[in-house]
Amino acid sequence: KVVLVNFWATWCEPCQVEIPWLIEMQQKYSAKGFTILGVDVDDEGNNVVSAYTAKERFNVSGEKLPMNYPVLRGNDAVADKFGGLLGYPTSFLISRDGKIVKKRQGLIDYEELTKAIESELQDGQF
């Protein structure tokens, strides 16, 4: 699969801005071999994050939708595997062969990222 690893937090405003875009990308590309993996870096416990992902709804093309991709708990050790993070959100696009092909610190650029995802998905087809 092509994977977008998205480090985020419930208190991060730019993270809130991009979640609807991520939901849309997951809807659009999951059948083609793409997934998003949200990595939450909140200091609060799992209950806070679980409650947030369970109750929050995001405006996606006029519909109120929940987060539709897996969300894991992250920490400094996880972030260090990606070279450390300076801020949130930070996203990494990973190719089918496991290489980081794009890194974006801060708010993603929707157009740029969808083009990169489509390019990676096409590269994997023979």
For region 114-121, indicate whether the set of residues that are open to solvent by 30 Å² or more (accessible area, probe 1.4 Å) and of a type in the set (A, V, I, L, M, F, W, C) is non-empty. no
Restrict the check to region 105-112 and report whether at least one residue is open to solvent by 60 Å² or more (accessible area, probe 1.4 Å), in contact (Cβ under 8 Å) with a residue 12 or more places away in the chain and assigned to a strand (DSSP E or B). yes
Being in contact (Cβ under 8 Å) with a residue 40 or more places away in the chain, farther than 18 Å from residue 12 by Cβ and of a type outside the set (Ser, Thr, Tyr) is the filter here; which residues of region 29-59 pass it? 32, 33, 34
So residue 80 ticks every box in (1) within 18 Å of residue 11 (Cβ to Cβ); (2) at pLDDT 90 or above; (3) out of contact with any strand residue (DSSP E or B) (no Cβ under 8 Å at 6 or more places or on another chain) but one. Which box is left unticked? (1)
Going through 18, 24, 56 one at a time, which residue ends up being over 26 Å from residue 77 (Cβ atoms) and within 13 Å of the chain's Cα centre (by Cα)? 24
In region 27-46, residues that are under 22 Å from residue 79 (Cβ atoms) and not β-branched (Val, Ile, Thr) total 8
Within region 77-104, count every residue that is in a helix (DSSP H, G or I), closer than 16 Å to residue 36 by Cβ and either free of Cβ contacts under 8 Å to residues at least 24 places away in the same chain or touching a helix residue (DSSP H, G or I) at 6+ places or on another chain (Cβ under 8 Å) (or both). 0
Looking only at region 20-76, which residues are closer than 19 Å to residue 93 by Cα, open to solvent by less than 70 Å² (accessible area, probe 1.4 Å), assigned to a helix (DSSP H, G or I) and not hydroxyl-bearing (Ser, Thr, Tyr)? 20, 22, 23, 24, 25, 26
Scan of region 83-103 for residues that are open to solvent by less than 90 Å² (accessible area, probe 1.4 Å) and either modelled with pLDDT under 90 or farther than 14 Å from residue 3 by Cα (or both), ordered by number: 83, 84, 85, 87, 88, 89
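The values are calculated or read from the model by the stated rules, or taken from the named source; none is laboratory data. Treat the numbers as computed from the prediction; the structure is a model and nothing was measured. Glycine gets a Cβ as well: all are built from the backbone with ideal geometry, and neighbour counts include every protein chain shown. Accessible surface is based on the protein model in full, side chains and every heavy atom, while ligands, DNA and RNA are left aside. Shrake-Rupley method; radii C 1.70, N 1.55, O 1.52, S 1.80 Å.
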